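Here's the structure, in structure tokens; my notes come after.
The values are calculated or read from the model by the stated rules, or taken from the named source; none is laboratory data. Everything quoted here is computed from the prediction, not taken from an experiment. Cβ coordinates were reconstructed from backbone atoms using ideal geometry, including for glycine residues, and neighbour counts include every protein chain displayed. We work out accessible area using only protein heavy atoms, side chains counted, and drop any ligands, DNA or RNA first. Shrake-Rupley method; radii C 1.70, N 1.55, O 1.52, S 1.80 Å.
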Amino acid sequence: MMFSLIRLLLLVGIFNSLTAVAQQECNDDGAKTMPTERYVIFGNQSFVRDRVTGLEWTRCAIGQSWDAANENCAEITKAQVKSWFSYENALKEVNRYQQLTDDLDWRLPTINELLTIVEHRCQHPAVNTKIFPNAPSWRFWSASEMENNKDYVWVTDFEDGSSTTILKSVASHYIRLVKGKGV
């Protein structure tokens, strides 16, 4: 059991190091699904508003912070700040962010809202990296529970833009916050 756990942790570490250095790949055929012009950047460049949906997004995932000098999302190096969360901890982190910003409108997006920021022509990550720089190529939690089994919730994998359901107890997904009327 311990050997299997160590192997799993090593594999996760190797996978993370590979995805961290992977370059975004985009197919230049066809129109961009999430062009830069679709977004308005505001709030010291930390937030964007989608002109089509009206939703406002954090440019950085939780566990990253906006680096204005480099116009990028940088990993927070403080040991107490995590980037990956179980679903329960994701909800707690939303609450912490709301209190920190004194803005109770920030929340986890629904699965449909998450899908509105997927750039379907790209992978590694499947998102507009001018709008969401240094975006992780991994799964992000949504607030959408599976209808017939509340132990599962929908996630979007920004490696390739796909979505699936997963157990809420899995502790390895990112959070990007949104506010505004749902889509």
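Per-residue answers, yes or no, for (1) of a type in the set (A, V, I, L, M); (2) under 12 Å from the mean Cα position of the chain (by Cα):
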position	(1), (2)
Thr77	no, no
Ser83	no, yes
Arg96	no, no
Leu100	yes, no
Val118	yes, yes
Ala135	yes, yes
Glu145	no, no
Asn148	no, no
Val170	yes, no
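Of all the numbered requirements in (1) open to solvent by less than 30 Å² (accessible area, probe 1.4 Å); (2) more than 28 Å from Glu37 (Cβ to Cβ), Ala135 misses one, and that requirement is (2).
Residues in the stretch 43-55 that are among the hydrophobic types (A, V, I, L, M, F, W, C) and touching an Asp or Glu at 6+ places or on another chain (Cβ under 8 Å): Phe47, Val48, Leu55.
When Val153, Val183 are checked against the criterion of being open to solvent by 30 Å² or more (accessible area, probe 1.4 Å) and in contact with a helix residue (DSSP H, G or I) (Cβ under 6 Å, 6 or more places away or on another chain), a single residue qualifies: Val183. Taking strands (runs of 3 or more DSSP E) as the structural unit, those lying wholly within the stretch 38-97 and holding at least 1 residues that are open to solvent by 40 Å² or more (accessible area, probe 1.4 Å) and of a type in the set (A, V, I, L, M) correspond to 39-42.
Leu104 meets each of the listed conditions (1) more than 21 Å from Val153 (Cα to Cα); (2) aliphatic (A, V, I, L, M); (3) outside any loop (DSSP other than H, G, I, E, B) apart from (3).
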